[in-house]
Amino acid sequence: MEEKINQQAEEETVKKDLKEKNVSSLKYLGVFSVTVIAILGVILFITNYFEPPQIGYEKVSYNLFDFIKTSTHWNTRWQAPDNQIYRLSFRYNPLEVEDIQIKGELNKTFDALKPIHVAFDPLTEDANFKYLTLGAAELTLNMKVLNKPFVAACTQNETDACINRPIVECGKFGKSVILLKTEGPTQILLNNTCIILQGEDFDLIKSIDRLLYHWYRIIK
C-alpha cells in the first residue's frame, strides 16, 4: 500500500514538473520569437508580396486610408519615407480604437533612447500569456517597418525566459520601454520614457493598434 502511494506521489510530481516546463517553454518562446517574427514578418508587409483584396470584402475609409477586411485583419497601404509601399495589417480598424484614451506625457528622449525595450511581467497568469505573445508579435512587426529598433525584455528575472533578457522598470530615465499588460482598463499610459499598453484579452491588441495608428499618422 505504501509503495503504491509513493508511486502515485512520484507520478504527480512528474506531471507537475512537465506542466511547469511547458509553461516556461511557452514564455521562453514568447520572448525570443519576437525578433525572429519581426525580421521574417517585415517581408510579408511589402505590397508586392500580397495578392489584391477580393471584391466584396468589407471596406472602411479613414483619413484618406482605405482598409479592407480579411478573415481576421484589416489591411491598408502605407508609404514609408523612403517611398517603399507597405500593406499594413491590423486586427482592428481605426474606427474601433480611436476612442481609446491616451493619458500622461512621454519624455522627448523616448525615440532617442535605442533600442526600445518591449517588456512584460514573466509572472503573468498563464491564461493571459498568449495575448502578450500575440500583442508583442503584432507590435514588433510594425516597429520593424517603422524602423524603430527594439529588444525583448522583462520586468523581473523570475523565469528561465528572462535569464538573458534585459530587466527594465517602467518610467525610469535612461531606457525606452513599452510595457504590455493584460489587465483593464483598455488604455495607453505615457510615463516619462515608458509607454504602457494594457487591456484584458484581445483588448490589449486594441491598445497596441491604437498606438500603431498614431505612429503611422493614420489617427492624428
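The values are calculated or read from the model by the stated rules, or taken from the named source; none is laboratory data. Since the model is a prediction, treat every value here as computed from it, not as a measurement. Positions of Cβ are backbone-derived with ideal geometry, glycine not excepted, and every protein chain shown enters the neighbour counts.
Quick rundown of the values:
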{"quantity": "Residues that are among the small types (Gly, Ala, Ser), out of contact with any Cys (no Cβ under 8 Å at 6 or more places or on another chain) and under 18 Å from ILE195 (Cα atoms), drawn from segment 83-135", "calculated": "GLY104, ALA112, GLY135"}
{"quantity": "Residue check for GLU169: closer than 19 Å to CYS194 by Cα and part of a loop (DSSP other than H, G, I, E, B)", "calculated": "yes"}
{"quantity": "Residue match in segment 111-132 (condition: out of contact with any strand residue (DSSP E or B) (no Cβ under 6 Å at 6 or more places or on another chain) and under 20 Å from ARG217 (Cβ atoms))", "calculated": "yes"}
{"quantity": "Test for LYS181: is it crowded, with 19+ Cβ neighbours inside 10 Å and either modelled with pLDDT under 90 or more than 30 Å from GLN84 (Cα to Cα) (or both)", "calculated": "yes"}
{"quantity": "Residue check for ASN142: farther than 30 Å from TYR57 by Cα and either modelled with pLDDT under 95 or in a strand (DSSP E or B) (or both)", "calculated": "no"}
{"quantity": "Subset of segment 184-199 that is surrounded by fewer than 20 Cβ atoms within 10 Å (Cβ to Cβ) and not in a strand (DSSP E or B) - its residue that is modelled with the highest pLDDT", "calculated": "PRO185"}
{"quantity": "Cβ pairs under 8 Å, 6+ apart, first in segment 87-102 and under 12 Å from ILE208 (Cβ atoms), second in a helix (DSSP H, G or I) and among the hydrophobic types (A, V, I, L, M, F, W, C)", "calculated": "PHE90/LEU212; ARG91/ILE205; TYR92/ILE205"}
{"quantity": "Considering residues of segment 103-139 that are in a helix (DSSP H, G or I) and charged (D, E, K, R) only, the residue surrounded by the most Cβ atoms within 10 Å (Cβ to Cβ)", "calculated": "GLU138"}
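Residue-by-condition table, conditions (1) touching a residue at least 24 places away in the same chain (Cβ under 8 Å); (2) closer than 21 Å to SER89 by Cβ:
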residue: GLY135; (1), (2): yes, yes
residue: GLU138; (1), (2): yes, yes
residue: PHE150; (1), (2): yes, yes
residue: ALA153; (1), (2): yes, no
residue: PRO166; (1), (2): yes, no
residue: ILE188; (1), (2): yes, yes
residue: GLN198; (1), (2): no, no
residue: ASP203; (1), (2): no, yes
residue: ILE208; (1), (2): yes, yes
